Amino acid sequence: MTIGQRIFYLLEEKHMTQKEFSDRTGIATTTISDWRKKNTNPGSDKIMSICAALDVTPEYLLSGVTEDSDRGRNIDYMVIPTGTEERELIEIFNDMNFVDRAHVMEYARKISERKSRYCETAKAKSMVKIAEFCDIEVFMNSNFEGEPFVDVNYIDDDVLGKLDIRSGVISGNFSKYVRPVIEAWYKDNKNLLESIWNTKKMMMIPAWE
């Protein structure tokens, strides 16, 4: 079935006249008739308006799926630009076998659950996230009460500790691999941490690698 044929099938299915279809899309009725008479397809510049008028997705209109299939209907689409980490992640995921995909999904869900669990606790304590790096989250008390500490949450191992803003002393059961990362981050951002605490102006610390 061609695109043009699929359009006429949908018009019949929806009991929509060519005149109504023309009014909805802005495409001349003569052009619509030519698709049937000459067995041609609409131009690419008209696809989106056709999909909107017929309430189908571009995938359904273009893919050649049989008319009794529901594929392509009621599907949410997300446009992800090329060259982004999100696009790279999806492409890597698509190249994986089903077993590896299952492992990745399990890991992602665990991270999401851990982040959600601490974020709820942090919200109740008036803690606001000010940094995130290497699966590590840093939270500061938005009321700027008590001693100048920040909470440090290592998502991967679900370990929570504290970091003294002034001295750099780290408390918490962090591994020998994670602790040096926190120390290096603190060294690069000590002045900014002290500035946030002293001025009481909350801000997100720039990305760090």
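The values are calculated or read from the model by the stated rules, or taken from the named source; none is laboratory data. These figures come from a predicted structure and were not determined experimentally. Backbone-built Cβ (ideal geometry, glycine too); neighbour counts: all protein chains shown.
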### Task
Provide a single number: the residues in segment 162-200 that are touching a helix residue (DSSP H, G or I) at 6+ places or on another chain (Cβ under 8 Å), part of a loop (DSSP other than H, G, I, E, B) and closer than 12 Å to Met140 by Cβ.
1
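Enumerate the helices (runs of 4 or more DSSP H) found wholly within segment 45-117, keeping only those where 2 or more residues are modelled with pLDDT of 85 or more and within 16 Å of the chain's Cα centre (by Cα).
Details: elements: 47-54, 58-63, 85-95.
Correct list: 85-95.
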### Query
Hey, among Ile182, Ile155, Ile165, which residue is closer than 30 Å to Tyr107 by Cβ, assigned by TED's automatic domain parsing to the domain that holds Ser112 and in contact with a Lys or Arg (Cβ under 8 Å, 6 or more places away or on another chain)?
Ile155
## Note on the structure
When every residue in segment 142-153 that is at pLDDT 90 or above and not in a loop (DSSP other than H, G, I, E, B) is compared, the one nearest to Val181 (Cα to Cα) is Val152
